[in-house]
Amino acid sequence: MKTKIGVAMKKGVGVCLVFHLWLLCVSQNGVYGYGYAREEDPLVNEDIHKIFKVDLKPRIDQSIRSQHFQSLANQMANLVFLALCEKFYYNNREELEIFVRSKVRLRLAEEYYTFLLSGNVRDYDARHKTHLHEDIYSRFIKVRETLGSAGFLGAGAVKPDVPGFKALTKEIETLLVKVFPYFESGTEISD
C-alpha cells in the first residue's frame, strides 16, 4: 500500500513539475530577472531556437495533445538542458568580459542542473554504478573559478579564463548527454 502511494505521489510531483515548466514555455509574459538588462529566459521565450536551431515546441505540443507523459517529460528536460547550454553560449560569446552577467548566467545554469536534472543523473548513477553527478558538479565548482574576479573597486581583479570556461562547460554538456542520450543539442549559429 505504501509503495503504491509513494509511486502515485512521485508521478503527481512529476506531472506538476512538467505542467509548471510547460506554463513557463507558453506564457506570453516576459520574465525579467537576471539582474541585468531585459533578457527573457529561454524557458519562456525559446530563444534557444535562434541559437541552436532546435524547435521543441511542436514536439511538446504533440506530447500534450496525445497525453504522453514520458515524451513530455523528455522534451521538457531537453528544454532545460538547452536553457543551460544557452547560458554557457552567451558567456562564451561575451568571453566572460562582464563579470556580473557571467556569474549570474553560470549560477542559473548550475541551478537548472541542480534543481531539474541532477535527480535523474543520480538515478542513472545508481543504476549504472557511475559517478556522473559528482563529475558534473565538480566541473560546476571548477568553472566558477574561470570567471575571475572583479576585485574590490578594481583592486585585485583577476582576468577570466575563457579557454578553461569553454572546456569545462563542454565537458558538462557531454556528461549530461551521456545520461540523456535523447537530448538534442543542435549546433550553435555563428555570429
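Some observations on this one:
- Signed unit charges on C-beta, dipole axis of the stretch 104-191, positive-most listed residue VAL179, LEU106, GLY156: GLY156
- Ordering of 82-93, 171-182 by packing [mean C-beta count within 10 Å, highest first]: 82-93, 171-182
- Gain upon complete extension [HIS131, VAL158; 0.36 nm per residue less C-alpha separation]: 6.5 nm
- Projected label distance in nm at HIS49 and VAL177, using a 7 Å step from Cα toward the beta-carbon: 2.3 nm
- Rounded to the nearest 20 debye, the dipole size of the stretch 36-159 about its Cα centre is 120 debye, using +1 on the Cβ of Lys and Arg and -1 on the Cβ of Asp and Glu.
- Legend: distances between Cα atoms for LYS57/LYS166; LYS57/LYS142; LYS103/LYS170; pairs beyond 26 Å are LYS57/LYS166; LYS57/LYS142.
- From most to least packed by mean Cβ count within 10 Å, the peptides 162-168, 126-132 give 162-168, 126-132.
- Peptide packing: for 107-117, 59-69, the average count of neighbouring Cβ atoms within 10 Å per residue gives the ranking 107-117, 59-69, highest mean first.
Bear in mind that the values in this text are calculations on the coordinates, not laboratory data. All values derive from a computational prediction rather than experimental measurement. Glycine gets a Cβ as well: all are built from the backbone with ideal geometry, and neighbour counts include every protein chain shown.
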